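S.K.: First the structure, which I've put down as C-alpha coordinates, then a few questions once you've had a look.
The values are calculated or read from the model by the stated rules, or taken from the named source; none is laboratory data. Because the structure is predicted, anything quoted here is derived from the model rather than measured. Every residue, glycine as well, gets a Cβ built from its backbone with ideal geometry; the counts of neighbours run over all protein chains shown.
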Amino acid sequence: MHPPRILAIESSCDETACAVVEGLFVRASVVASQVEIHAQFGGVVPELASRHHLTAVVPVVREALAQAGVNFLKDEIDAIAVTEGPGLVGAVLVGVQVARGLALTTGLPLIGVHHMEGHVVSPFLGDTEREPGEFAPHLALSVSGGHSELVHVRALGDYAILGRTRDDAAGEAFDKAAKLLGLGYPGGPVIDTLAGEGDPTAVAFPRAMLTERDNLEFSFSGLKTAVAVYVDQHGQPSSRQQLADVCASFQAAVVDVLIAKLRHARRKTGASLVTIVGGVSANRGLRTKLAEAAAADGFSFRMPPLRYCGDNAAMIGGAAALRVAAGRVPAQAVEVYASRGLDEGRA
Ligand code: KG4
Ligand code: ZN
(Lines give C-alpha, C1' and ligand atoms only; values in the text may rest on other atoms or scores of the structure.)
(Ligands and ions follow the chains in the order given, each with its own letter.)
Protein backbone atom coordinates (compact mmCIF):
# COMPACT_ATOMS: atom_id res chain seq x y z
CA MET A 1 0.00 0.00 0.00
CA HIS A 2 1.38 3.36 -1.02
CA PRO A 3 0.77 6.39 1.26
CA PRO A 4 -2.53 8.16 0.46
CA ARG A 5 -2.24 10.34 -2.64
CA ILE A 6 -4.19 13.55 -2.20
CA LEU A 7 -5.02 16.46 -4.46
CA ALA A 8 -5.56 19.45 -2.14
CA ILE A 9 -6.93 22.94 -2.69
CA GLU A 10 -6.60 25.97 -0.39
CA SER A 11 -8.36 29.31 -0.98
CA SER A 12 -9.33 30.59 2.48
CA CYS A 13 -7.61 33.98 2.30
CA ASP A 14 -5.45 35.59 -0.36
CA GLU A 15 -3.53 32.61 -1.72
CA THR A 16 -4.95 30.28 -4.34
CA ALA A 17 -3.10 27.02 -3.85
CA CYS A 18 -3.14 23.44 -5.06
CA ALA A 19 -0.86 20.56 -4.13
CA VAL A 20 -0.40 16.87 -4.75
CA VAL A 21 0.96 14.93 -1.79
CA GLU A 22 1.75 11.31 -1.13
CA GLY A 23 1.35 10.94 2.60
CA LEU A 24 3.46 13.79 3.96
CA PHE A 25 5.71 13.85 0.91
CA VAL A 26 4.94 16.81 -1.33
CA ARG A 27 4.96 15.95 -5.03
CA ALA A 28 3.81 19.40 -6.18
CA SER A 29 2.80 22.61 -4.46
CA VAL A 30 1.64 25.66 -6.39
CA VAL A 31 0.69 28.94 -4.71
CA ALA A 32 -0.68 31.97 -6.56
CA SER A 33 -0.47 34.91 -4.18
CA GLN A 34 -2.78 37.89 -4.44
CA VAL A 35 -0.64 39.93 -2.11
CA GLU A 36 0.12 42.62 -4.70
CA ILE A 37 -3.57 43.12 -5.40
CA HIS A 38 -4.41 43.67 -1.73
CA ALA A 39 -1.25 45.62 -0.88
CA GLN A 40 -2.64 48.78 -2.46
CA PHE A 41 -5.58 48.63 0.00
CA GLY A 42 -3.39 47.93 3.04
CA GLY A 43 -5.06 44.57 3.74
CA VAL A 44 -7.13 41.78 2.20
CA VAL A 45 -10.36 42.91 0.48
CA PRO A 46 -12.67 39.86 0.70
CA GLU A 47 -14.67 40.51 -2.48
CA LEU A 48 -11.49 40.96 -4.53
CA ALA A 49 -10.03 37.82 -3.00
CA SER A 50 -13.02 35.72 -4.13
CA ARG A 51 -12.89 37.11 -7.65
CA HIS A 52 -9.20 36.43 -8.02
CA HIS A 53 -9.55 32.90 -6.65
CA LEU A 54 -12.14 32.31 -9.38
CA THR A 55 -9.73 33.21 -12.15
CA ALA A 56 -6.67 31.59 -10.56
CA VAL A 57 -8.01 28.30 -9.30
CA VAL A 58 -8.21 26.26 -12.52
CA PRO A 59 -4.74 27.25 -13.84
CA VAL A 60 -3.28 26.56 -10.37
CA VAL A 61 -4.86 23.08 -10.24
CA ARG A 62 -3.64 22.33 -13.77
CA GLU A 63 -0.13 23.46 -12.86
CA ALA A 64 -0.01 21.29 -9.74
CA LEU A 65 -1.19 18.23 -11.69
CA ALA A 66 1.38 18.89 -14.40
CA GLN A 67 4.20 19.32 -11.86
CA ALA A 68 3.22 16.11 -10.10
CA GLY A 69 2.94 14.27 -13.42
CA VAL A 70 -0.65 13.25 -12.74
CA ASN A 71 -2.60 12.54 -15.92
CA PHE A 72 -5.61 10.59 -14.72
CA LEU A 73 -6.98 11.89 -11.45
CA LYS A 74 -9.28 8.92 -10.95
CA ASP A 75 -6.49 6.37 -11.25
CA GLU A 76 -3.59 8.24 -9.66
CA ILE A 77 -5.22 10.07 -6.76
CA ASP A 78 -6.98 8.56 -3.72
CA ALA A 79 -8.92 11.59 -2.44
CA ILE A 80 -9.59 15.29 -2.98
CA ALA A 81 -9.02 17.59 0.03
CA VAL A 82 -10.01 21.19 0.51
CA THR A 83 -9.87 23.88 3.19
CA GLU A 84 -13.43 24.22 4.49
CA GLY A 85 -12.68 27.06 6.96
CA PRO A 86 -12.03 29.17 8.90
CA GLY A 87 -11.50 31.98 6.46
CA LEU A 88 -13.28 34.40 4.18
CA VAL A 89 -16.39 32.44 3.27
CA GLY A 90 -16.59 33.76 -0.31
CA ALA A 91 -12.96 32.76 -0.80
CA VAL A 92 -13.33 29.33 0.84
CA LEU A 93 -16.35 28.59 -1.38
CA VAL A 94 -14.32 28.90 -4.57
CA GLY A 95 -11.94 26.13 -3.54
CA VAL A 96 -14.75 24.04 -2.07
CA GLN A 97 -16.84 24.17 -5.24
CA VAL A 98 -13.90 23.23 -7.45
CA ALA A 99 -13.02 20.37 -5.09
CA ARG A 100 -16.66 19.19 -5.08
CA GLY A 101 -16.70 19.28 -8.86
CA LEU A 102 -13.52 17.20 -9.06
CA ALA A 103 -14.85 14.71 -6.52
CA LEU A 104 -18.17 14.44 -8.34
CA THR A 105 -16.68 13.83 -11.76
CA THR A 106 -14.04 11.34 -10.57
CA GLY A 107 -16.01 9.60 -7.83
CA LEU A 108 -13.09 10.20 -5.44
CA PRO A 109 -13.80 10.90 -1.75
CA LEU A 110 -13.82 14.55 -0.68
CA ILE A 111 -12.20 15.58 2.61
CA GLY A 112 -12.77 18.96 4.28
CA VAL A 113 -9.77 20.18 6.31
CA HIS A 114 -9.65 22.86 9.02
CA HIS A 115 -7.15 25.48 7.85
CA MET A 116 -5.33 25.53 11.20
CA GLU A 117 -4.99 21.76 11.21
CA GLY A 118 -3.17 22.21 7.92
CA HIS A 119 -0.75 24.69 9.51
CA VAL A 120 -0.17 22.30 12.43
CA VAL A 121 0.78 19.56 9.94
CA SER A 122 3.11 21.84 7.92
CA PRO A 123 6.38 21.16 9.86
CA PHE A 124 5.99 17.45 9.12
CA LEU A 125 5.76 17.86 5.34
CA GLY A 126 8.28 16.75 2.78
CA ASP A 127 9.85 13.86 4.65
CA THR A 128 9.29 10.49 3.01
CA GLU A 129 10.72 8.57 5.96
CA ARG A 130 8.34 9.95 8.55
CA GLU A 131 5.45 7.79 9.63
CA PRO A 132 2.16 9.58 10.35
CA GLY A 133 2.24 8.32 13.96
CA GLU A 134 5.10 10.66 14.80
CA PHE A 135 2.90 13.69 14.25
CA ALA A 136 1.49 13.48 17.76
CA PRO A 137 1.81 14.27 20.57
CA HIS A 138 3.41 17.68 20.35
CA LEU A 139 2.93 21.34 21.24
CA ALA A 140 2.39 23.86 18.43
CA LEU A 141 2.61 27.64 18.49
CA SER A 142 0.37 28.72 15.64
CA VAL A 143 0.98 32.33 14.61
CA SER A 144 -0.47 33.90 11.49
CA GLY A 145 -2.36 36.97 10.31
CA GLY A 146 -5.62 35.72 11.77
CA HIS A 147 -4.56 33.43 14.63
CA SER A 148 -2.20 33.20 17.58
CA GLU A 149 -2.67 30.13 19.66
CA LEU A 150 -0.88 27.43 21.58
CA VAL A 151 -2.20 24.06 20.52
CA HIS A 152 -1.60 20.85 22.42
CA VAL A 153 -1.74 18.21 19.70
CA ARG A 154 -2.65 15.16 21.78
CA ALA A 155 -3.44 12.97 18.79
CA LEU A 156 -4.54 13.42 15.19
CA GLY A 157 -7.87 15.26 15.47
CA ASP A 158 -7.50 15.80 19.24
CA TYR A 159 -6.42 19.40 19.74
CA ALA A 160 -6.56 21.42 22.97
CA ILE A 161 -6.16 25.18 22.70
CA LEU A 162 -4.08 26.13 25.74
CA GLY A 163 -4.20 29.85 25.02
CA ARG A 164 -5.09 32.22 22.22
CA THR A 165 -4.95 35.94 21.62
CA ARG A 166 -7.44 38.21 23.34
CA ASP A 167 -7.23 40.78 20.58
CA ASP A 168 -4.83 41.04 17.64
CA ALA A 169 -3.04 38.05 16.17
CA ALA A 170 0.78 38.19 16.05
CA GLY A 171 0.83 38.64 12.26
CA GLU A 172 -1.82 41.33 12.55
CA ALA A 173 0.44 43.15 15.02
CA PHE A 174 3.29 43.02 12.48
CA ASP A 175 0.96 44.30 9.75
CA LYS A 176 -0.42 47.13 11.89
CA ALA A 177 2.99 48.22 13.17
CA ALA A 178 4.29 48.24 9.59
CA LYS A 179 1.37 50.41 8.53
CA LEU A 180 2.09 52.89 11.35
CA LEU A 181 5.73 53.00 10.21
CA GLY A 182 4.72 53.51 6.57
CA LEU A 183 6.10 50.14 5.50
CA GLY A 184 3.15 48.78 3.50
CA TYR A 185 1.36 45.41 3.57
CA PRO A 186 2.10 42.68 4.59
CA GLY A 187 4.29 43.98 7.38
CA GLY A 188 5.91 40.81 8.68
CA PRO A 189 8.57 40.20 6.04
CA VAL A 190 9.69 43.85 5.83
CA ILE A 191 9.89 44.29 9.62
CA ASP A 192 11.79 41.00 9.81
CA THR A 193 14.35 42.25 7.27
CA LEU A 194 14.79 45.66 8.88
CA ALA A 195 14.97 44.12 12.36
CA GLY A 196 18.10 42.28 11.23
CA GLU A 197 19.89 45.63 10.94
CA GLY A 198 18.56 47.18 14.16
CA ASP A 199 19.11 47.24 17.91
CA PRO A 200 16.35 45.30 19.74
CA THR A 201 17.00 47.23 22.95
CA ALA A 202 16.63 50.69 21.35
CA VAL A 203 12.96 51.16 22.31
CA ALA A 204 11.42 49.56 25.42
CA PHE A 205 8.15 48.28 23.96
CA PRO A 206 5.79 46.45 26.37
CA ARG A 207 5.66 42.67 26.79
CA ALA A 208 1.98 42.09 27.53
CA MET A 209 0.64 39.46 29.90
CA LEU A 210 3.98 38.09 30.99
CA THR A 211 3.48 38.68 34.69
CA GLU A 212 0.67 36.17 35.22
CA ARG A 213 2.76 33.06 34.87
CA ASP A 214 -0.07 30.62 34.42
CA ASN A 215 -1.80 32.64 31.75
CA LEU A 216 -1.18 31.29 28.27
CA GLU A 217 -3.21 33.95 26.47
CA PHE A 218 -1.67 36.62 24.27
CA SER A 219 -2.49 40.28 23.75
CA PHE A 220 -0.84 42.39 21.07
CA SER A 221 -3.09 45.43 20.76
CA GLY A 222 -1.21 47.32 23.50
CA LEU A 223 2.03 46.86 21.58
CA LYS A 224 0.40 48.30 18.48
CA THR A 225 -0.70 51.31 20.54
CA ALA A 226 2.84 51.66 21.90
CA VAL A 227 4.16 51.87 18.33
CA ALA A 228 1.49 54.50 17.53
CA VAL A 229 2.49 56.50 20.61
CA TYR A 230 6.16 56.22 19.67
CA VAL A 231 5.45 57.58 16.17
CA ASP A 232 3.30 60.32 17.69
CA GLN A 233 6.06 61.43 20.06
CA HIS A 234 9.10 60.98 17.83
CA GLY A 235 7.61 61.29 14.35
CA GLN A 236 8.30 58.74 11.62
CA PRO A 237 11.84 57.35 11.93
CA SER A 238 14.02 59.71 9.91
CA SER A 239 16.86 57.36 9.04
CA ARG A 240 17.07 53.72 8.00
CA GLN A 241 18.99 52.97 11.21
CA GLN A 242 16.29 54.50 13.39
CA LEU A 243 13.62 52.60 11.47
CA ALA A 244 15.61 49.38 11.86
CA ASP A 245 15.94 50.01 15.60
CA VAL A 246 12.18 50.48 16.00
CA CYS A 247 11.52 47.32 13.94
CA ALA A 248 14.06 45.29 15.92
CA SER A 249 12.58 46.51 19.22
CA PHE A 250 9.03 45.76 18.09
CA GLN A 251 9.95 42.30 16.81
CA ALA A 252 11.81 41.50 20.04
CA ALA A 253 8.71 42.43 22.05
CA VAL A 254 6.51 40.05 20.01
CA VAL A 255 9.06 37.23 19.98
CA ASP A 256 9.82 37.51 23.71
CA VAL A 257 6.14 37.05 24.58
CA LEU A 258 5.63 34.20 22.10
CA ILE A 259 8.70 32.31 23.33
CA ALA A 260 7.97 32.89 27.03
CA LYS A 261 4.42 31.53 26.67
CA LEU A 262 5.63 28.66 24.53
CA ARG A 263 8.23 27.65 27.12
CA HIS A 264 5.66 27.83 29.86
CA ALA A 265 3.15 25.75 27.90
CA ARG A 266 5.88 23.22 27.17
CA ARG A 267 6.69 22.82 30.83
CA LYS A 268 2.99 22.54 31.64
CA THR A 269 2.29 19.85 29.03
CA GLY A 270 5.63 18.09 29.33
CA ALA A 271 5.72 17.93 25.52
CA SER A 272 9.04 16.73 24.17
CA LEU A 273 8.41 18.11 20.67
CA VAL A 274 7.51 21.74 19.90
CA THR A 275 6.64 23.36 16.55
CA ILE A 276 5.96 26.85 15.28
CA VAL A 277 3.57 27.23 12.35
CA GLY A 278 1.76 29.91 10.30
CA GLY A 279 2.98 32.98 8.43
CA VAL A 280 4.83 34.43 11.44
CA SER A 281 6.82 31.19 11.85
CA ALA A 282 8.90 32.49 8.92
CA ASN A 283 10.22 35.21 11.23
CA ARG A 284 13.98 34.93 11.67
CA GLY A 285 13.92 36.32 15.21
CA LEU A 286 11.31 33.77 16.27
CA ARG A 287 13.12 30.87 14.58
CA THR A 288 16.41 31.76 16.28
CA LYS A 289 14.82 32.16 19.71
CA LEU A 290 12.98 28.85 19.38
CA ALA A 291 16.27 27.07 18.70
CA GLU A 292 17.84 28.79 21.72
CA ALA A 293 14.90 27.88 23.99
CA ALA A 294 15.03 24.27 22.81
CA ALA A 295 18.73 24.06 23.65
CA ALA A 296 18.21 25.70 27.06
CA ASP A 297 15.16 23.64 28.08
CA GLY A 298 16.09 20.39 26.35
CA PHE A 299 13.21 19.80 23.94
CA SER A 300 13.12 18.97 20.22
CA PHE A 301 11.55 21.30 17.73
CA ARG A 302 10.42 21.43 14.13
CA MET A 303 9.67 24.42 11.95
CA PRO A 304 8.09 24.36 8.50
CA PRO A 305 10.43 25.16 5.62
CA LEU A 306 9.81 28.81 4.63
CA ARG A 307 7.65 27.78 1.65
CA TYR A 308 5.15 26.09 3.98
CA CYS A 309 4.96 28.82 6.65
CA GLY A 310 2.40 30.89 4.77
CA ASP A 311 -0.80 29.53 3.30
CA ASN A 312 -0.36 26.60 0.92
CA ALA A 313 -2.25 23.49 -0.13
CA ALA A 314 0.48 20.96 0.69
CA MET A 315 -0.37 21.29 4.38
CA ILE A 316 -4.07 20.69 3.62
CA GLY A 317 -3.15 17.59 1.63
CA GLY A 318 -0.83 16.43 4.41
CA ALA A 319 -3.60 16.74 7.02
CA ALA A 320 -6.00 14.82 4.77
CA ALA A 321 -3.38 12.13 4.12
CA LEU A 322 -2.89 11.60 7.86
CA ARG A 323 -6.65 11.15 8.21
CA VAL A 324 -6.91 8.69 5.36
CA ALA A 325 -3.93 6.72 6.69
CA ALA A 326 -5.62 6.57 10.09
CA GLY A 327 -8.98 5.53 8.56
CA ARG A 328 -10.52 8.77 9.82
CA VAL A 329 -12.42 10.23 6.90
CA PRO A 330 -15.57 12.00 8.14
CA ALA A 331 -18.93 10.89 6.76
CA GLN A 332 -20.04 14.41 5.96
CA ALA A 333 -17.45 15.51 3.46
CA VAL A 334 -17.30 19.28 3.69
CA GLU A 335 -18.76 22.03 5.82
CA VAL A 336 -18.01 25.69 5.22
CA TYR A 337 -17.43 28.07 8.12
CA ALA A 338 -15.97 31.54 8.65
CA SER A 339 -14.74 30.90 12.17
CA ARG A 340 -14.45 27.76 14.21
CA GLY A 341 -11.74 26.73 16.65
CA LEU A 342 -9.54 23.75 15.98
CA ASP A 343 -10.94 22.34 19.21
CA GLU A 344 -14.60 22.82 18.25
CA GLY A 345 -16.85 20.35 16.46
CA ARG A 346 -15.28 17.69 14.38
CA ALA A 347 -11.61 18.16 13.64
O1 KG4 B 1 -0.43 32.09 7.61
P2 KG4 B 1 -0.50 33.32 6.77
O3 KG4 B 1 0.18 33.31 5.42
O4 KG4 B 1 -1.97 33.73 6.51
C5 KG4 B 1 -2.97 33.66 7.49
O6 KG4 B 1 -3.57 32.55 7.62
O7 KG4 B 1 -3.15 34.69 8.17
O8 KG4 B 1 0.10 34.53 7.67
C9 KG4 B 1 0.21 35.84 7.17
C10 KG4 B 1 0.83 36.70 8.24
C11 KG4 B 1 0.86 38.20 7.89
O12 KG4 B 1 0.35 38.91 9.00
C13 KG4 B 1 2.34 38.48 7.68
O14 KG4 B 1 2.71 39.80 8.01
C15 KG4 B 1 2.98 37.47 8.61
O16 KG4 B 1 2.19 36.31 8.48
N17 KG4 B 1 4.37 37.18 8.24
C18 KG4 B 1 5.44 37.43 9.03
C19 KG4 B 1 6.59 37.06 8.28
N20 KG4 B 1 6.19 36.57 7.08
C21 KG4 B 1 4.82 36.65 7.06
N22 KG4 B 1 5.51 37.95 10.27
C23 KG4 B 1 6.73 38.10 10.81
N24 KG4 B 1 7.88 37.79 10.16
C25 KG4 B 1 7.87 37.26 8.91
N26 KG4 B 1 9.00 36.93 8.29
ZN1 ZN C 1 -3.06 30.46 7.33
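S.K.: So, in the stretch 234-274, exactly how many residues are closer than 24 Å to ASN215 by Cβ, of a type outside the set (Phe, Trp, Tyr) and over 19 Å from the mean Cα position of the chain (by Cα)?
M.R.: Residues flagged as closer than 24 Å to ASN215 by Cβ, of a type outside the set (Phe, Trp, Tyr) and over 19 Å from the mean Cα position of the chain (by Cα) within the stretch 234-274 amount to 15.
S.K.: Where residues in the stretch 114-127 are touching a Leu at 6+ places or on another chain (Cβ under 8 Å) and not in a loop (DSSP other than H, G, I, E, B), which of them is farthest from ASP343 (Cα to Cα)?
M.R.: Here the answer is PHE124.
S.K.: Another one. Filter the stretch 186-206 down to residues that are under 11 Å from ALA252 (Cα atoms), more than 8 Å from ligand 1 (Cβ to nearest atom) and buried (at least 16 other Cβ atoms within 10 Å of the Cβ), then give me how many there are.
M.R.: Result for the stretch 186-206: 6.
S.K.: Among all residue pairs at least 6 apart or on different chains, which show Cβ distances below 8 Å where the first residue, located in the stretch 1-17, is surrounded by 21 or more Cβ atoms within 10 Å (Cβ to Cβ) and the second is hydroxyl-bearing (Ser, Thr, Tyr) and modelled with pLDDT of 90 or more?
M.R.: Within 8 Å, the pairs are ILE9/THR83; GLU10/THR16; GLU10/THR83; SER11/THR83; SER12/THR83; ALA17/SER11; ALA17/SER29.
S.K.: Regarding the stretch 110-120, can at least one residue be identified that is modelled with pLDDT under 95 and either over 19 Å from the mean Cα position of the chain (by Cα) or surrounded by fewer than 24 Cβ atoms within 10 Å (Cβ to Cβ) (or both)?
M.R.: no
S.K.: Please indicate, with yes or no, whether at least one residue in the stretch 296-308 is within 13 Å of ligand 1 (Cβ to nearest atom) and free of Cβ contacts under 8 Å to residues at least 60 places away in the same chain.
M.R.: yes
S.K.: Does the stretch 263-284 contain at least one residue that is away from ligand 1 (no atom under 16 Å from the Cβ), charged (D, E, K, R), at pLDDT 95 or above and crowded, with 17+ Cβ neighbours inside 10 Å?
M.R.: yes
S.K.: Restricting attention to the stretch 80-113, which residues are over 17 Å from SER339 (Cα atoms), of a type outside the set (Gly, Ala, Ser) and not in a helix (DSSP H, G or I)?
M.R.: ILE80, LEU108, PRO109, LEU110, ILE111
S.K.: Right, next: Restricting to the stretch 303-331, and then to whatever is of a type outside the set (A, V, I, L, M, F, W, C) and surrounded by fewer than 20 Cβ atoms within 10 Å (Cβ to Cβ), can you tell me which residue is nearest to ligand 2 (Cβ to nearest atom)?
M.R.: Top of the filtered list is ARG307.
S.K.: Across the stretch 288-347, which residue is farthest from the chain's Cα centre (by Cα) among those that are farther than 19 Å from ALA103 by Cβ and among the acidic types (Asp, Glu)?
M.R.: Restricting to residues being farther than 19 Å from ALA103 by Cβ and among the acidic types (Asp, Glu), the top hit is ASP297.
For every residue, the table says whether it meets (1) surrounded by 16 or more Cβ atoms within 10 Å (Cβ to Cβ); (2) touching a Ser or Thr at 6+ places or on another chain (Cβ under 6 Å).
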{"residue": "VAL44", "(1), (2)": "yes, no"}
{"residue": "THR55", "(1), (2)": "no, no"}
{"residue": "VAL70", "(1), (2)": "yes, no"}
{"residue": "ASP78", "(1), (2)": "yes, no"}
{"residue": "VAL82", "(1), (2)": "yes, no"}
{"residue": "GLY95", "(1), (2)": "yes, yes"}
{"residue": "ALA103", "(1), (2)": "yes, no"}
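S.K.: Quickly run through the stretch 33-65 and pick out the residues that are hydrophobic (A, V, I, L, M, F, W, C) and touching a Cys at 6+ places or on another chain (Cβ under 9 Å).
M.R.: VAL44, ALA49, VAL57, VAL60, VAL61, ALA64, LEU65
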